[in-house]
Amino acid sequence: MPSWWRRVEAVQTPSLLLASKNDGAITERAGLLSGALANSRTVSIGDGHHLHTQHLDAFLAEVLPFLAAGLPSLTESNRRREPADICS
């Protein structure tokens, strides 16, 4: 295993792991990594090693909602303020 593997359990950030259904060691390690990450989800997409090009629609169907869910909502406390608001 890579040297960083022992630190994985400390990661609390939501994680999406994408792996092919049949990519040898990568498929196996994705399952191990998912088990070590506290807040992760693993999705198997098609066959092959280049999921983002070989299975673009399935890749985007998983990645875009995952990214959208992590975006902060537009609220008063975090909305962009105009320079005049900041200086006054």
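Rule-based calculations on the coordinates, nothing more; no lab input. Bear in mind the structure is a predicted one, so any value in this text is a computation, not a measurement. Quick reminder, even Gly has a Cβ in these numbers, built from the backbone with ideal geometry, and neighbours come from all protein chains shown.
Could you list the trypsin sites (Lys or Arg not before Pro) in the stretch 1-58 that lie in coil according to DSSP, counting only those with at most 14 other Cβ atoms within 10 Å of their Cβ? Provide the component values of the computation, followed by the final result.
Values: sites: ARG6, ARG7, LYS21, ARG29, ARG41; in loops: LYS21.
The qualifying sites are LYS21.
Please work out how much length the chain gains when fully extended from ARG7 to LEU60, using 0.36 nm per residue of separation minus the C-alpha to C-alpha distance, in nm with one decimal. Each step should come with its number before you reach the end.
Details: separation 53, 0.36 × 53 = 19.08 nm, distance 2.86 nm.
So the chain would gain 16.2 nm between ARG7 and LEU60.
Shape call for the stretch 12-71 from the C-alpha gyration tensor, a ≥ b ≥ c root eigenvalues: rounded (a/c under 1.5), prolate (a/b greater than b/c) or oblate? Can you show the working numbers first?
Details: a/c = 3.14, a/b = 1.10, b/c = 2.85.
It comes out oblate by the Cα gyration axes.
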